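Take a look at the structure set out below.
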Amino acid sequence: MELSDRRIVVTGGAGLIGSALARQLVGDNDLVVVDDLSNGIRESVPEAATFIEGDLTDETVVAEAIDAETDVVFHLAADKYVNADEPRNQFETNGEMTYNILERMDEVGVEHIAFTSSSTVYGEAPRPTPEDYAPLEPISEYGAAKLSEESLLSVYAHNHGFTVWNFRFANIVGPRYGAGVVPDFIYKLTQDPETLTIRGNGRQEKSYMSLADCIDAMCYVVEHAARPVNTYNLGTRTTTSVNRIADIVSDEMDVDPDYEYTGGDRGWEGDVPKMRLSIEKLAALGWEPSTPSDQAVRQGAREILDDPENEPHLS
Ligand SMILES: NC(=O)c1ccc[n+]([C@@H]2O[C@H](COP(=O)([O-])OP(=O)(O)OC[C@H]3O[C@@H](n4cnc5c(N)ncnc54)[C@H](O)[C@@H]3O)[C@@H](O)[C@H]2O)c1
């Protein structure tokens, strides 16, 4: 569907990816942003958007945001931390938000939804991992919730006439990168430029996609794929190891620390140590990333360092 002259709801639109998407869409569309600001920044929502501060587990908030005039919902709101302190709560909350949104859409006759899923649905799969890889065996509650939410979207596509876009993201890096390896290293090196403690053995290796590429790809797929269920990996063809990220961040900060390792092959429980998604399906639709993984990491680090307002928090 073409993304102009539409009434669009972006959930999680005060977050890293949602606010960038809102900025992209606001010029040509009537935009409603919903976010409870649990991890979002109010100021990052474009002024021209209607902003609703509210928790999407509350059905009245969902009803306020989505009405019969809505053309499409971009559903990005989620508790996104893989090693959440309360995984059961995370699983239930993320699922409840999605169910509330789907029920409300069905109630008022809105049939288009784009959903931000994740590479974590694949668990520890062979690489590069295509969208039709099976069996899907997530290793975190976060990934399990994403998979169950995708499944629920499928039900609405097949039984209620919805068109669904599922985006299985690699790691997305941008100027505000919640808890994640880049701001984690920046924070640690600001505290102590001599020594950097790296979680795991440093050989974890994943695909990092720039925020700009991520937004561009999402919009492209929504505009070009029209099956009932459209599931696409969004990532880069290249990967970056954690050791390489440490080198890039050190270089950008002009420091030369000794590296210390906590050991083991992964950063934390539920961490998939090696991830690279096949993007052949995306390429066949006509879209290619413009920024390779190393460059996305360097760009993200520089943007965080260049923004004095940015306070990276520890993961
Ligand atoms: N950043 C990544 O690398 C990455 C990778 C894979 C998937 N994703 C997915 O993409 C989406 C956006 O990620 P992001 O990095 O922008 O995260 P983010 O935390 O910056 O944005 C999510 C937003 O959702 C809001 N939110 C959370 N719970 C809510 C609730 N109950 N009601 C209303 N708002 C709520 C938060 O306040 C936040 O602003 C998420 O669904 C995430 O799981 C992100």
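Where a number appears in this text, it was derived from the coordinates with a stated rule and is not lab data. Please read these numbers as outputs of a predicted model, since none were measured by experiment. Glycine gets a Cβ as well: all are built from the backbone with ideal geometry, and neighbour counts include every protein chain shown.
For the range 193-315, the Cα-based Rg and Dmax, in that order, read 16.7, 53 Å. Stokes-Einstein diffusion for the chain, with the hydrodynamic radius set to the Kirkwood value over Cα pairs and evaluated at 4 °C in a medium of 1.567 mPa s, equals 65 µm²/s.
The long axis of helix 181-191 is offset from the longest Cα principal axis of the chain by roughly 50 degrees. The amide H of F169, built 1.01 Å from its N in the peptide plane, has S117, S118, S119, L234 as neighbours under 5 Å, considering only residues 5 or more places off or on other chains. In terms of surrounding Cβ atoms within a 10 Å radius of their Cβ, H112, H224 rank from fewest to most as H224, H112. Looking at the range 152-241, the trypsin sites (Lys or Arg not before Pro) that sit in a DSSP loop and have at most 15 other Cβ atoms within 10 Å of their own Cβ are R203.
The magnitude of the dipole of the range 192-315, with charges of +1 and -1 set on the Cβ of Lys/Arg and Asp/Glu and taken from the Cα centre, is near 980 debye.
Geometric descriptor of the range 22-150, per residue, is 128 Å³ (volume of the convex hull of the Cα atoms).
Sorted largest first, the principal axis extents computed over the alpha-carbon atoms of the range 254-309 equal 43, 33, 21 Å. Ranking of W268, W165 by neighbouring Cβ atoms within 10 Å, starting from the fewest: W268, W165.
Database remark: amide H of T163 closer than 5 angstrom to the amide H of H112, I113 (H placed geometrically; neighbours at sequence offset of 5 or more, or on other chains; Pro and chain starts carry no H). Taking amide hydrogens as placed 1.01 Å from N in the peptide plane, the amide H of K274 sits under 5 Å from those of E205, each at least 5 positions away in sequence or on another chain.
Scalar couplings 3J(HN,Hα) for the range 139-154, obtained by applying the Karplus form with A = 6.51, B = -1.76, C = 1.60 to θ = phi - 60°, are 10, 9, 4, 4, x, 5, 5, 4, 5, 5, 5, 4, 5, 5, 4, 4 Hz; x denotes Gly and Pro.
Starting from the Kirkwood radius over alpha-carbon pairs of the range 114-154, derive D by Stokes-Einstein at 37 °C in a medium of 0.692 mPa s and give it in µm² s⁻¹.
317
The orientation-averaged projection of the convex hull spanning the C-alpha atoms of the range 1-90 amounts to 6.1 square nanometres.
Straight-line reach from K281: taking Cα to Cα under 26 Å and skipping same-chain neighbours fewer than 8 places apart, the lysines in range are K80, K146, K206. Bridgeable aspartates and glutamates around K188 (alpha carbons under 19 Å apart, same-chain partners fewer than 8 residues away excluded): D247, D251, E252, D254, D256, D258, E260, E303, D306, D307, E309, E311. Let me make sure I get this right: for the range 20-66, a, b and c are the square roots of the gyration tensor eigenvalues over alpha carbons, sorted descending. Under 1.5 in a/c it's rounded, otherwise prolate if a/b > b/c, else oblate. Which is it? The shape class here is oblate.
Against the chain, whose longest principal axis comes from its Cα atoms, helix 87-108 is set at around 30 degrees.
Using the average count of surrounding beta-carbon atoms within 10 Å as a protection proxy, the listed peptides 240-249, 55-64 rank, highest first, as 240-249, 55-64. The residues neighbouring R227, those whose beta-carbon lies less than 15 Å from its own, together hold a net charge of -4 under the Lys/Arg +1, Asp/Glu -1 convention.
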